[in-house]
Amino acid sequence: MKVDCLIVGSGLAGLCFAETLYQHGRSFALISDDSQQASEVAGGLYNPLILNRFTLAFKAAEQLDLAIPFYQTIEARLGQTLDFKQEVLRIMHDAGEQNRWFESRDRSGYSRFMDEAFVDSPHPNVEAPHKLARVLETGRLDTAAFRKTYIAWLKSAGLYTQERFEHAQLKLSEVTATYQQFEADQVIFAEGFGLKQNPYFNYLPLQGSKGELLTIYAPELDLQQVLKSTVFIIPLGDHRYRVGATYDNHRLDNLPTEEARAYLLERLRKFLKVDFEVEAHVAGVRPSVSDRKPLVGRHPQHAQLAVLNGFGSRGVMIAPFAADALYQNLFEGAELDTELDIKRFDGRSKRPQGRN
Ligand SMILES: Cc1cc2nc3c(=O)[nH]c(=O)nc-3n(C[C@H](O)[C@H](O)[C@H](O)COP(=O)(O)OP(=O)(O)OC[C@H]3O[C@@H](n4cnc5c(N)ncnc54)[C@H](O)[C@@H]3O)c2cc1C
C-alpha cells in the first residue's frame, strides 16, 4: 500500500497529524499500540496561562486560534462533542498573588486571557478566602473520547493497524521507507514517551514526566468550573471530578501509586470540604523535553523520517499547531520555527543513532 505518510502512534500527536493530512487530501495509514497512555488518561484541559507564574504559555494565542476550529471540524465530521467549554478559576492564596495577577494582566497580549475582576467561591464547601481569578478561553477536550471516536473512524476507513511498530523492520531506500505492506514517502514518529525506544530519534532529550489523576464522586458538590489550587479539580458531570495531577521524573511507567493518591487527596482536602469517594486512579507519562518545547522535524540523515513529539503537559493546545507546522515543513517547504525544530539539538546532545 503506497501512502504519503505512515504515522506511528495514536495519541494527540499522531491523530492530529492524521487529521491535518486528511484536511489536505494526503494519503496515510497509522500504526499504534497502547504502550503509552498520556493521551488516554489526560485531564484534557486547555488553558493559555501557566497558573503558578501567571505567564502565557509558549505561543498560546496562535495555538488556541488554530486548535479550537481544528477540534470543531473533527466534532462536526464525526458527530461527537469533544470540546467542553469550561471556565478555569485559579484559587488565590494571598494578596501578593492577587497583585501579581494584575501585574501580569497589564502586559501586552495578556488581558485577552486574564479576567479583570476576582470572583467569590463558586460553592460553600470550596474554601477560597482570597477569591478566585478567572482565565479566559479555556476548556476541556475529552481526549479519551477523541481517541476512541477518531480511531474508530480510521478503522472503518481501513487506515489503522493496532500493533507495535518494530523499528528494526523498517527499510529505507534513497527517498522512501518500507514497512510491512506500506511504502511511504514519510514516516512520522508520534510515539510520545515511546520515542525512547526509537533508534532514529532517541538522541533527542526527551525526559518524560509521569502524571497521575484520580476520578472522585462527590454527590454534594455541584461545580461547573475547573478549579486550580495546588491541584486541579475538573468537573466531568454527574458529580464526578478529575483531580490531578502529579509530576514524577523518575518512575516513568503507567502504574498508579499509593504515594500519588495520598499526595492528591491531601492537597484536595485543603480547599474542598465535602465527602467524596475515589472511583478511579490512572497514570501516564508526559513526553516532556528539557527546554519545554515540542520536538518537530526531519531526521538529520534520513529525510523520509520525521518526529512529532515533546508536548509535555500541554498536548491539547500544542498538537494541532505542531502538526500544522510539521505539515507545512514537509509538504510546502516552509521553515520550522526554531523553537520547535529538532535542529536545535544538532551537535548539542548525543549524536544521532539512526540505522543506514
Ligand atoms: C496525568 C496526565 C494529565 C495530563 N493532563 C493534561 C491536560 O489537562 N491538558 C493537556 O493539554 N495535556 C495534558 N497531559 C499531557 C498530554 O497527555 C500529552 O501532552 C499528550 O497526550 C502527548 O501526546 P502524544 O501523542 O505525543 O503521546 P502519547 O499520548 O503518549 O501517544 C503516543 C502513542 O504512540 C504509541 N506508541 C509508542 N511507541 C510505539 C511503537 N513502537 N509502536 C506502536 N505504537 C507506539 C503509544 O502507545 C501511544 O498510542 C497530561 C498527561 C498526563 C500523563
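Bear in mind that the values in this text are calculations on the coordinates, not laboratory data. In this text, all values refer to a predicted model and were calculated from it rather than measured experimentally. Cβ coordinates were reconstructed from backbone atoms using ideal geometry, including for glycine residues, and neighbour counts include every protein chain displayed.
Which of the residues spanning the range 185-197 are more than 7 Å from the ligand (Cβ to nearest atom) and under 16 Å from Glu166 (Cβ atoms)?
Across the range 185-197, the qualifying residues are Val187, Phe189, Leu195, Lys196.
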**Report entry** Residue selected from the range 186-223 under the condition touching a residue at least 60 places away in the same chain (Cβ under 8 Å), closer than 30 Å to Glu277 by Cβ and outside any strand (DSSP E or B), by the criterion farthest from the chain's Cα centre (by Cα)
**Finding:** Glu220
Query raised in the report: Among the residues of the range 36-63 satisfying the criterion of being crowded, with 18+ Cβ neighbours inside 10 Å and aliphatic (A, V, I, L, M), which is nearest to Phe193 (Cα to Cα)?
Result: Ala38
Query raised in the report: Given the residues Ala334, Ala319, which is the only one that is more than 16 Å from the ligand (Cβ to nearest atom) and out of contact with any strand residue (DSSP E or B) (no Cβ under 6 Å at 6 or more places or on another chain)?
Result: Ala334
Requested in this report: Take the range 1-29 and flag every residue that is within 9 Å of the ligand (Cβ to nearest atom) and either of a type in the set (D, E, K, R) or part of a strand (DSSP E or B) (or both).
Outcome: Val8
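Yes/no per residue for (1) of a type in the set (S, T, N, Q); (2) closer than 28 Å to Gly14 by Cα; (3) more than 15 Å from the ligand (Cβ to nearest atom):
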| position | (1), (2), (3) |
| --- | --- |
| Glu212 | no, yes, no |
| Ala218 | no, no, yes |
| Pro235 | no, yes, no |
| Asp238 | no, no, yes |
| Arg261 | no, no, no |
| Ala280 | no, yes, no |
Report summary line: For the range 129-144, pairs from a residue that is within 11 Å of the ligand (Cβ to nearest atom) to a residue that is in a strand (DSSP E or B), with Cβ under 6 Å and 6 or more apart or across chains, are Thr138/Val88; Gly139/Tyr46; Gly139/Asp83; Gly139/Phe84; Gly139/Lys85; Arg140/Leu45; Arg140/Phe84; Leu141/Asp83
Report task. Kindly list, by first and then second residue, each pair from a residue in the range 278-307 that is under 20 Å from Asp337 (Cα atoms) to a residue that is among the basic types (Lys, Arg), limited to pairs with Cβ atoms under 6 Å and residues at least 6 apart or on different chains. Result -> Ala306/Arg298
Report task. Check whether at least one residue in the range 97-105 is basic (Lys, Arg) and assigned to a helix (DSSP H, G or I), and report yes or no. Result -> yes
Query raised in the report: Within the set of pairs 6 or more residues apart or between chains, which connect a residue that is among the β-branched types (Val, Ile, Thr) inside the range 29-50 to a residue that is near the ligand (Cβ under 6 Å from one of its atoms) with Cβ atoms less than 6 Å apart?
Result: Ile31/Val8; Ile31/Phe165; Val41/Gly284
